[in-house]
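Every number here is computed from the coordinates shown, using simple stated rules; none is lab data. Remember, it's a predicted structure, so these values are computed and weren't measured experimentally. Here Cβ is always computed from backbone atoms with ideal geometry, including for glycine, and neighbour counts include all displayed protein chains.
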Amino acid sequence: MNFLASTWVGVWLIGLGRIAVLSREAIASCLTFKFSRRDLFYQIYFIGIKSQSVVIVTGAFTGMVLAAQTYFQFHKIKMDTATLAVVSVSMCSELGPVLTALMVAGRVGAAIAAEIGTMKVTEQIDALRTLATHPVDYLVVPRLMAANIALPLLTVEAMFIGITASYVVAVFLLGIDPAYAWWNMLKYSTIADVMIGLVKSFIYGGIVALVGCYKGLSCGNGAEGVGKATTEAVVYASICILITNFFLTITLQRLCVILGL
């Protein structure tokens, strides 16, 4: 058993178990409303509003390059007007939520891990316990709820910006007929694509916040420990998002077929 715990598989399993325990405590605290509303609003501002510039640039250029690449391939088989339909479905159900979550993980996940890790190294978390304040209530829950609120809103923004930018490139740069392109986009894009993207972004928000908080709470001593925790928070959150995306895509698509959406 000790041999398994010393391997990378054991380390991953132990980490998953600890994150599961942290998730249970955070969800229980959310249901009892023990968190600070002021901290929640500040985290929504920090995670949502201050991440808009990154999300806008990512969504715009992703939509533009996707429109260009789709056009270059579809033009060979005379399907130019289907370009916007591909961009719309991809941005709503796949690229929008995934790229937004990855950008937020790089910016917010690192900041969460660094902030909480610094508090742990300087023994501020021990001071919270001394004052009868649970660290999960004070540190984890506001960030978790704020990420779950901000990520879907940022994803919608990325979808809109990406589709708008792709329309500009397709119509004004590539010369696609705007009426047919718009009609095909509305025909093949469904509300199910948007709902899949929103469900994914909600889950990704929880992943970014929980991984960042866990790495901050479990970081080593000194500046080296904080730096390592910050790096691991971004890497692990990104990996979890990409792995989870595959299973969510399969599950949600089959669920939409069952529900007839």
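Just need the relative contact order of the stretch 55-114 here, percent rounded to a whole number, with Cα pairs under 8 Å and 6+ apart. Intermediate values should be presented prior to the final figure.
Working: 23 pairs, mean separation 22.7, N = 60.
Dividing the mean separation by the residue count of the stretch 55-114 yields 38 percent.
With 26 Å as the limit on Cα-Cα distance, the pairs of K50/K200; K34/K228; K200/K228; K76/K187 that go past it are K34/K228; K200/K228. Rounded to 0.05, the FRET efficiency of the I27 and F72 pair, given R0 = 51 Å and the Cβ-Cβ distance, is 0.65. Axis angle, to the nearest 10 degrees, between helix 191-217 and the longest C-alpha principal axis of the chain: 30 degrees.
The alpha carbon convex hull volume per residue for the stretch 43-87 rounds to 57 Å³.
Which of the peptides 195-208, 44-57 is most tightly packed, and how do the rest follow, going by the mean number of other Cβ atoms within 10 Å of each residue?
Working: 195-208: 22.9, 44-57: 17.1.
Descending mean neighbour count gives 195-208, 44-57.
Counting pairwise Cα distances across the chain, what percent come out greater than 29 angstrom? Pairs farther apart than 29 Å: 39 percent.
Using a 7 Å offset from Cα along Cα-Cβ at L131, what residues in the stretch 18-43 end up with backbone N under 19 Å from the label point? Hits in the stretch 18-43 for L131 at 19 Å: 34-43.
Derived scalar couplings between HN and Hα for the stretch 69-84 equal 5, 5, 4, 4, 7, 5, 5, 5, 10, 6, 10, 4, 6, 8, 4, 5 Hz in order, rounded to whole Hz, by the Karplus curve 6.51 cos²θ - 1.76 cosθ + 1.60 (θ = phi - 60°), x for Gly and Pro. Applied to the stretch 141-155, the Karplus parametrisation 6.51 cos²θ - 1.76 cosθ + 1.60 on θ = phi - 60° returns per-residue 3J(HN,Hα) values of 4, x, 6, 5, 5, 5, 5, 5, 7, 6, 4, x, 5, 5, 5 Hz, with x for Gly and Pro. Given R0 = 51 Å, the distance between the Cβ atoms of E94 and R37 translates into a calculated FRET efficiency of 0.90.
Under the rule of -39500 (n - 2.57) per DSSP H run of 4 or more residues, summed and divided by the residues of the chain, what mean residue ellipticity at 222 nm is obtained, to the nearest 500 deg cm²/dmol?
On the way: 12 runs with 204 residues, N = 261.
Counting only the DSSP helices, I get -26000 deg cm²/dmol.
Across the chain, the relative contact order, built from alpha-carbon pairs under 8 Å that are at least six residues apart, equals 31 percent.
Report the calculated FRET efficiency for A223 and M195 (r = Cβ-Cβ distance, R0 = 45 Å), to the nearest 0.05. Step by step, r from the Cβ atoms, then E = 0.55. Principal-axis analysis of the Cα atoms of the chain puts helix 110-121 at an angle of about 0° to the longest axis.
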